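Taking it in order: structure first as structure tokens, then the write-up.
The values are calculated or read from the model by the stated rules, or taken from the named source; none is laboratory data. Computed from a predicted structure; not experimentally measured. For neighbour counting, all protein chains shown are included, and Cβ atoms are generated from backbone atoms with ideal geometry for every residue, glycine included.
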Amino acid sequence: MPGTVQSIERAAAVLRLLAGGTGRLTLGDIAHSLDLAKGTTHGILRTLKAVGFVEQDRVSGHYQLGAAVLRLGTSFLDINELRSRSINWADPLAARSGEAVRIGTVLDGEVLVVHHVFRPDDTFQTLEVGALLPLHATALGKALLAYSAAGAHPAPDLDRFTHRTLVTARALSTELNHIRTVGHSVEVEEFTPGEAAVAAPIRGHGGLVVGAIGISGHVERVCDTHYQPHPRLVAYVRDAARAVSRDLTAAER
Amino acid sequence: MTESYVVAIDQGTTSTRCIVFDRRGQLVSLAQQEHKQYFPKPGWVEHDALEIWRNVERLGPEALRRAGITESQVAAVGIANQRETTVVWDRVTGRPVGHAIVWQDTRTDTLVNRLARAPGADAVHERSALPLATYFSGPRVRWMLDRTPGLRERAERGEVLFGTMETWLIWKLTGGLHVTDVTNASRTMLLDVHTLDWSPESLAFFGIPREMLPEVRPSVGVFGTARSAFPGVRIGAALGDQQAALFGQTCFTPGEAKCTYGTGSFLLLNTGAELVRSTHGLLSTVAYQIDGEPAAYALEGSIAITGSLVQWFRDQLELIASAPEIETLARTVADNGGCYIVPAFSGLFAPHWRSEARGVVVGLTSYITKGHLARAVLEATAWQIREVVDAMNADSGLTLKTLKVDGGMTADNLLMQFQADVLDVPVVRPLASETVSLGAAYAAGLAVGYWPDLEGLRQNWHRAAQWLPTMDSALRDREYGNWKRAVSRTLDWIEPS
């Protein structure tokens, strides 16, 4: 088969073998069944294990199909896991920017806030974990939309929250293209008058976007007089997104 | 002028971390490595001190590389360490004598029972302000001296040295400086908590030669200069990990308290220059001592099993794939369904101190799902903290107004909300969940003038999250009653041999 990638074919064969088997298989079983060298097979299994498609029994070392295969269509990263892995990077982002930090993922066409760090000024604030935000009118939502399959074909009629909300598919599509070019999203009074936000995507294994992290605050603090976010704040957000992404992909899952 | 930083070494029970902090107390980079846990017999837990040292040697430069800085930009390094873990090594070769005996290890139970009946036991308790228990390092040293042929003679000749983890690391870092800090020393049972030096009477009671003990120093003050891992950098502080977390939470005033959620959970209340003796099952301990100043003391509620119950749920029951998923599973149900788990895996620590207790799962019916069990796991942590808070309120005569929290489990929103609900006070997380490391960094930075004073550190503290109580008080009382009945079911399980 010209034009195909051999290692992916082999990985698919390993998955079919595990799915067809009745129990757990050893490395030797799998290598023998597919007529592959043990070293090659081990490399494939280790990779599949890292992405959650294969699980290994802690005691026997036998392999079986991972739970992630069964949940391919739904979110593959547990939201509580995402919060746990990003908490160390969300705090410094809040400290450096002086603004509130939120992390969001997509849930049924909206942004689900999975983590929230207060603006570090010790004023009274309420934890917004679990809140839902519109995808098209927030920096977090737009960062998520720009890298999701749904973002390719935005819905035709979008809710208006302020006079700055992007409500046409065309305007949103242009915006998402821009986000993909620059790598971060900006929201200026599109959801709440007087509020601005900056967000960037969090990437998991293989570059898949699993969430977005961003700051939000008064437009006078976040933006300059031309309604552009301060480059310093954009850099903090992007650094934090990169740090979380690095942690998600570096660690054994 | 190039920016300078402070580095913390957090030598914990399961892993070692090196973290670089900036002037605002924010994390710049982190390097972490787990080390092997040895379980040679039931109740025995050991570490390889050399493996831990090699990890520090590697992680230090790694953390600096990740931060993009060199040793010349490090103002000081501070150490926070797992407490009570006991290392004995050869002064000449630098090789440990066997594995380090870890704080969770209960091998000294028979020895401790025997010592408790020996004359002078009460006086040891009086001087150390600690109950005679397997938890502390003194009995471990005695156990090693008894069980290792020739060790006592070598100890008397000063050929082998004792230390807790910070002592071992400073000795390796400096190439032979044998020192400890007052907080770690206060966990040995060998320290006189008033003179803050080794008590000759307590040493005689345990039969431990003075020659093998390190010099006791203040926690905050320059110990020496590192020759390896961070060559040329001053070691500005060493503290037990829980005391470091108290420092990192900037609880510098009497009445301020924090709770750290880790493998176990530890609530510490600053009692200032006054050592408060508990009558409700808490420990009195040294909180910190700044060089040239009197020591600050603390009341401590130690709970052995909290985060490790989640690990047990993940690794032994295999009901979740990762620790944070406990919250996902717990949220599949609305309540505990009448099920309670009391994790008295190695007996109950504070405020009960019942070594013969063992864990129970009670209230099982055919209705119970793994979701209910997950809830019971999280609730077990919150109720154990409630018991300790009650004891602390009773001992101190104060009423806790808010609970400052830190540690890995503070990422669990369900647990934090439940904690606020069962305590009926707000639960507050600061803008730095790595408070153990931060405390070591603060203390080291303070020692070398990187930060001017305690007030400067306090200004770095900001609220990152807050959970307010919402539970109906009748429900809270009923659930607490159920929890207490569940605890009573754990008692008297192990029969005296």
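Highlighted here are the helices (runs of 4 or more DSSP H) found entirely within the range B:383-497 that include at least 3 residues which are touching a Phe, Trp or Tyr at 6+ places or on another chain (Cβ under 7 Å), under 24 Å from B:Ala350 (Cα atoms) and hydrophobic (A, V, I, L, M, F, W, C): B:413-423.
Being modelled with pLDDT of 90 or more and of a type in the set (Gly, Ala, Ser) is the filter here; which residues of the range B:32-54 pass it? The answer is B:Ala49, and nothing else. Within the range A:101-111, the set of residues being more than 10 Å from chain B (Cβ to nearest Cβ) and touching a helix residue (DSSP H, G or I) at 6+ places or on another chain (Cβ under 7 Å) comprises A:Arg102, A:Ile103, A:Gly104, A:Thr105, A:Val106, A:Val111. Here the condition is being within 18 Å of the chain's Cα centre (by Cα), within 25 Å of B:Asp335 (Cβ to Cβ) and not small (Gly, Ala, Ser); of B:Val427, B:Val405, it holds for B:Val405 alone.
The residues of the range B:16-37 that are surrounded by 15 or more Cβ atoms within 10 Å (Cβ to Cβ) and without any contact (Cβ under 8 Å) to a residue 24 or more places away in the chain, listed by number, are B:Asp22, B:His35. The combined condition, being at positive phi and not β-branched (Val, Ile, Thr), is fulfilled by B:Gly25. Taken together, the residues in the range B:316-362 that are of a type outside the set (D, E, K, R) and within 14 Å of chain A (Cβ to nearest Cβ) amount to 13. Is it the case that the range A:119-126 has a residue that's at the interface with chain B (Cβ under 8 Å from one of its Cβ atoms) and surrounded by 15 or more Cβ atoms within 10 Å (Cβ to Cβ)? For the range A:119-126, residues at the interface with chain B (Cβ under 8 Å from one of its Cβ atoms) and surrounded by 15 or more Cβ atoms within 10 Å (Cβ to Cβ): present. Screening the candidates B:Pro324, B:Pro351 for the property of being more than 27 Å from B:Gly281 (Cβ to Cβ), touching a helix residue (DSSP H, G or I) at 6+ places or on another chain (Cβ under 6 Å) and touching a residue at least 40 places away in the same chain (Cβ under 8 Å) yields one hit, B:Pro324.
Each residue in the range B:405-423 was checked for being away from every other protein chain (no Cβ under 13 Å) and of a type outside the set (A, V, I, L, M, F, W, C), and 2 of them qualify.
So that you can scan it fast, the table gives a plain yes or no per residue for (1) on the phi > 0 side of the Ramachandran plot; (2) of a type outside the set (Gly, Ala, Ser); (3) outside any strand (DSSP E or B):
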residue	(1), (2), (3)
A:Phe191	no, yes, yes
A:Ala197	no, no, no
A:Ile202	no, yes, no
A:Gly206	yes, no, yes
A:Ile215	no, yes, no
A:Arg221	no, yes, yes
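Here is the figure for the range B:373-414: residues that are within 18 Å of B:Phe313 (Cα to Cα) and among the small types (Gly, Ala, Ser) total 6.
Hey, could you check the range B:440-477 for residues that are out of contact with any strand residue (DSSP E or B) (no Cβ under 6 Å at 6 or more places or on another chain) and crowded, with 17+ Cβ neighbours inside 10 Å and say which is modelled with the lowest pLDDT? So, considering only residues that are out of contact with any strand residue (DSSP E or B) (no Cβ under 6 Å at 6 or more places or on another chain) and crowded, with 17+ Cβ neighbours inside 10 Å, the one modelled with the lowest pLDDT is B:Asn460.
When the range A:45-69 is limited to residues that are of a type in the set (A, V, I, L, M) and in a loop (DSSP other than H, G, I, E, B), the one that is surrounded by the most Cβ atoms within 10 Å (Cβ to Cβ) turns out to be A:Val51.
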